[in-house]
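Notes for the one structure printed next.
Quick note: the coordinates plus some simple rules give every number you see, no bench work behind them. Keep in mind that this is a model prediction, so the values were computed, not measured. So basically every Cβ, Gly included, is an ideal-geometry build from the backbone, and we count neighbours across all protein chains shown.
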Amino acid sequence: MKKKFTAVALFIVLLMGLAACASKGTKGYESNTGLVAIPGFNDLYYDSQTKVVYFVFNECSGYQGYGYMSAYYAPNGLPYLYDPFNQELVEISYAPTEQTENLQPNFLSRGTNSGL
């Protein structure tokens, strides 16, 4: 009887250990960083303040994991912006200079109560 109990207890401990290794981490980017997921794109998020698009992912296994975050670049070498009103990626068509640093794409200057 004692051997059966020990075997069952050991089996349960092994199953719990395997379940912990297979669990996925929660991303929680929206609540932790202000990044908002872009609908229809895996691992693409935009900053709710600047509208700059980022490629973000993480992989988690138990208590270990790794991740990556980078701006999502257009073919012209500048990062994409996200237009939440039209739900599309927008290429920045200029490099910031003294004359253009205060310019914003039209959708960034729209007055709404959505936190823009």
Given a Förster distance of 25 Å, report the FRET efficiency between Ile92 and Val36 from their Cβ-Cβ distance, rounded to the nearest 0.05. 0.85
Most exposed first, judged by fewest Cβ atoms within 10 angstrom, Tyr46, Tyr63 run Tyr63, Tyr46
